[in-house]
Amino acid sequence: MSVRSFYRIQQKPVCNAMCLGNAMHITASVFINDNESGLHADYDRWLEQLAPFDAGSDPATGGYLHNRTGEDNADAHHKRQIMGREVVVAITDGRLHLGPWEHIFYYEFDGRRRKRILVKIIGE
Amino acid sequence: MSVRSFYRIQQKPVCNAMCLGNAMHITASVFINDNESGLHADYDRWLEQLAPFDAGSDPATGGYLHNRTGEDNADAHHKRQIMGREVVVAITDGRLHLGPWEHIFYYEFDGRRRKRILVKIIGE
Amino acid sequence: MSVRSFYRIQQKPVCNAMCLGNAMHITASVFINDNESGLHADYDRWLEQLAPFDAGSDPATGGYLHNRTGEDNADAHHKRQIMGREVVVAITDGRLHLGPWEHIFYYEFDGRRRKRILVKIIGE
C-alpha cells in the first residue's frame, strides 16, 4: 500500500512541520522507497533470506525461541528491524516534502489481527 | 532495558508532541519491539550471524579494518545499523502514543564506557 | 561526506528543536556513525555481502526483478534499507545535540543523477 497522499486528510494544511508515520505494531514496517512492483518482490525474497520464516522454536534447526510463546511470527519481528518502524517526513507549504521517487509504504509481515498506522504532525 | 514509561519524568505533561529517543553512542541502538525475552535472545543470535564479532583486523579472515584503530568493536558499529539509532514516538494527551505491544529498548553492543540516551520532546 | 556542522547555515540559532536530515533519493542513506575510514570500508564490504550488486534481472542467478525496468541499481535500494533514510537530531541551545563520536553521513549507493539532502528544523 502506497500512502503518498495521506496528507490530504488535513482539513487545514500545516505549512511548516514534521510528519511522523509509524506502524503501531511490532511485526510491521513503515518505510520509504520506490513504487515499483519488481523491487517489492525483490525485498520479499531478500527479507526471507535474511530472516527466514520458521514456525519452529529450536535455534539448532533454524527455529526461534520467541515461537515458544505460542506465536510463529518471530521472523516478522526480525524483518521489521531491517525495514524500520517509522518515517519522519518534512511538510513544507502544506505538502509532504518528498523527493521525486519517494513513496511511503506499509509492510505487514505477520498478517494477523487488525492493524493501525499512527500519523502525527507537529508544526505551524 | 525497557523504558516504556520514561515520559513520567515530565513534571507538566506535554500534550501534543513528538518525542525523540536516541542512543548518543555509535555502538548502541534505541528501537521499538516486543518485550519478550526469547525474542531478544533470537536478536542476539541473529545479529551475531549478520555481523559477527571478530577482534581481528584482516578482512580476509573475517576481521574488520576498523579494528586497526586499536578497537575490537567494529561488529558493534554494524549491529547498530541493523537495529537503528533512534525512535520518534508521538505524544498524545500527555502520554507516549504507543501501540499495544510497543516497548522501547536500548541495546548496548560494545559495553565499554559510560553511556547516555537523549530524550527530546517538541510540541505544545 | 560528514555533515556534522551543517547547522551553521542557520542565521539565527534555533534553540530547542528537532532537526530532520533525510536523503531525498531512494538509493541513498543519511545515518549517524563513526568518522573513521576503516569502518566505512568495512560497511562497503558488508553491504555488498548483504545485498550484492548484480546487473541481472533473473533471481535464479542472483539478479533482481527491479532491474527489468532498465535500471541496474536494485542492490542500492536494498543497501539503503540497512543504513536508513533519515536521522532526527535534537537541537539544544542552538547546536546539534550529538554524542561525542556521532557524525552524520550521506551514502550514495547508485551514483547517478544529481542528489539532494533535505534538512528541516522544527522548534523554537
Taking 51 Å as R0, compute the FRET efficiency from the Cβ-Cβ separation of residue B:93 and residue B:54 and round it to 0.05. 0.60
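Please state the shape class of the stretch A:21-89: rounded when a/c is under 1.5, otherwise prolate if a/b exceeds b/c and oblate if not, all from the C-alpha gyration tensor. Spell out each step's value before the answer.
Values: a/c = 3.33, a/b = 1.62, b/c = 2.06.
Because a/c hits 1.5 or more and a/b fails to exceed b/c, the stretch A:21-89 counts as oblate.
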For chain C, longest principal axis from Cα atoms; helix C:37-50 axis from its Cα atoms; angle between them, nearest 10 degrees, is 40 degrees
Apply the Karplus parameterisation 6.51 cos²θ - 1.76 cosθ + 1.60, with θ equal to phi minus 60°, to every residue of the stretch B:61-72 and state each ³J(HN,Hα) to the nearest whole Hz, in sequence, with x for glycine and proline. 10, x, x, 10, 4, 4, 6, 5, 7, x, 8, 10
Rounded if a/c under 1.5, otherwise prolate or oblate - the protein assembly as shown, Cα gyration tensor axes: rounded
Counting pairs of alpha carbon atoms under 8 Å apart in space and at least six apart in sequence, what relative contact order in percent does chain A give? 49 percent
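Taking a probe of 1.4 Å and counting only protein heavy atoms, give the total accessible area buried between chains A and B in Å², rounded to the nearest 100.
Values: alone 7920 and 7930 Å², together 13420 Å².
When A and B are taken together, about 2400 Å² of accessible area is lost.
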Zone of residue C:101's modelled label, taken as backbone nitrogen in the stretch B:80-120 under 11 Å from a point 7 Å along Cα→Cβ: B:109-114
Can you run phi through the Karplus equation (6.51, -1.76, 1.60; θ = phi - 60°) for the stretch C:87-100 and list ³J(HN,Hα) in whole Hz, with x for Gly and Pro? 10, 10, 10, 5, 10, 10, 6, x, 10, 4, 9, 9, x, x
Among A:25, A:78, A:40, which one shows the highest mean-square fluctuation when chain A is modelled as a Gaussian network with alpha-carbon springs under 10 Å? A:40
Looking at chain B, I'd like the Rg to Rh ratio, where Rg is from alpha-carbon atoms and Rh is Kirkwood's inverse mean 1/r. 1.06
Between the stretch C:44-93 and the stretch B:31-56, what's the alpha-carbon centroid distance in Å? 22 Å
Give the accessible area for residue C:115 in Å² (nearest 10); use a 1.4 Å probe, count only protein heavy atoms, and leave out ligands, DNA and RNA. 50 Å²
Where Lys and Arg each count +1 and Asp and Glu each count -1, what net charge lies around residue A:87 among other residues with Cβ under 11 Å from its Cβ? -1
Using heavy-atom solvent-accessible surface (probe 1.4 Å) with all chains present, what is the largest-first order of A:110, B:72, C:93? C:93, B:72, A:110
Quick check: with the 1.4 Å probe, what order do A:37, C:29 take by accessible area, largest first? A:37, C:29
So who's got an amide H within less than 5 Å of the one on residue C:104, skipping anything under 5 residues away but keeping other chains? H placed 1.01 Å off N, in plane. C:3, C:4
For the protein assembly as shown, dividing by residue count, accessible area per residue (probe 1.4 Å) in Å² works out to 45 Å²
Roughly how many nanometres apart are two label points built 7 Å out from the Cα toward the Cβ at residue B:37 and residue B:14? 3.4 nm
Just to be sure I understand: with springs between alpha-carbon atoms less than 10 Å apart, which residue in B:86, B:102, B:71 has the highest mean-square fluctuation in the Gaussian network model of chain B? B:71
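In this model, which of A:120/B:115; A:115/C:120; A:79/A:120 are farther than 28 Å apart at the alpha-carbon?
Details: A:120/B:115 30 Å; A:115/C:120 30 Å; A:79/A:120 24 Å.
Long pairs (Cα-Cα over 28 Å): A:120/B:115; A:115/C:120.
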Would you mind checking the tilt of helix C:74-83 against the longest principal axis of the Cα atoms of chain C, expressed as 0 to 90 degrees and rounded to 10? 40 degrees
Test of understanding: in a Gaussian network model of chain B with alpha carbons linked when under 10 Å, which of B:17, B:60, B:90 would top the mean-square fluctuation ranking? B:60
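The values are calculated or read from the model by the stated rules, or taken from the named source; none is laboratory data. All values derive from a computational prediction rather than experimental measurement. All Cβ positions, glycine included, derive from the backbone under ideal geometry; neighbour counts span all protein chains shown. Note: accessible area is taken over every heavy atom of the protein model, side chains too, but ligands, DNA and RNA are not part of it. Shrake-Rupley method; radii C 1.70, N 1.55, O 1.52, S 1.80 Å.
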